[in-house]
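Report on one structure; see the data block that follows.
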Amino acid sequence: MLNSASCCDRIVVPFFMKGMIMMESVVKIRRIHINNIKNVKSGEILSSFYNTNQFEMSSEVIGIYGQNGSGKTALINALYILKCVMGCDMDKDSFNEDIYPLINSESKVATLSFDFVIQKETKQFDAYYEFKIEKKDKTIQIFDEKLSYKGVLPEKISKVTIIETSRDQDLAFLPKTRYEELISKNKQFKKNG
């Protein structure tokens, strides 16, 4: 079982705006919850700022420690899976070969859930990304993805689902308005193509 510890290093994402003024966005992981990754059936790690909206720009991770079998490697594996799912440059075969053995040997499905804090200038948002991966015929399938966010500072915005996929429902994409947006844009591309 994973112990509660700080697991949040900062990722600095520079970008340019009009007039070439450099702005900075900072993304930190607030919480990680994993099911069926390596030896961890269910585990959660909360950052040191989990129950607060205070956001420090400095790095918080110095190291990860724990007893043998406590989930240290499973945590690193979960971060690696997140990186790959979010778009690392990896071909499909390499993805399957790397990820397949990370799912617990007693299970076919693993679930990963990440809470992020995003700070941009004076604005702060909480973002949530969760998904499942399944072993199927020596390949990995990603399903039941959900991406949502809420505004924290300067004004509170209720949690909004950006996109949600589900293989257990009639529509592949939820909410339905997002599905309709995707379909209408696809029709426009077909007309223009």
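The values are calculated or read from the model by the stated rules, or taken from the named source; none is laboratory data. These numbers were taken from a predicted model, which means no experiment stands behind them. Cβ: placed from backbone, ideal geometry, glycine included. Neighbour counts: every protein chain shown.
A few points about this structure:
- On the stretch given as the range 66-101, residues that are in contact with a strand residue (DSSP E or B) (Cβ under 6 Å, 6 or more places away or on another chain) and touching a residue at least 60 places away in the same chain (Cβ under 8 Å) total 2.
- Subset of the range 45-72 [modelled with pLDDT of 85 or more and buried (at least 17 other Cβ atoms within 10 Å of the Cβ)]: Ile45, Leu46, Ser70, Gly71, Lys72
- Candidates are the residues of the range 119-154 that are in a loop (DSSP other than H, G, I, E, B) and modelled with pLDDT of 85 or more; the one that is surrounded by the fewest Cβ atoms within 10 Å (Cβ to Cβ) is Asp137.
- Subset tally (residues that are buried (at least 17 other Cβ atoms within 10 Å of the Cβ), out of contact with any helix residue (DSSP H, G or I) (no Cβ under 8 Å at 6 or more places or on another chain) and among the aromatic types (Phe, Trp, Tyr)) for the range 73-118: 1
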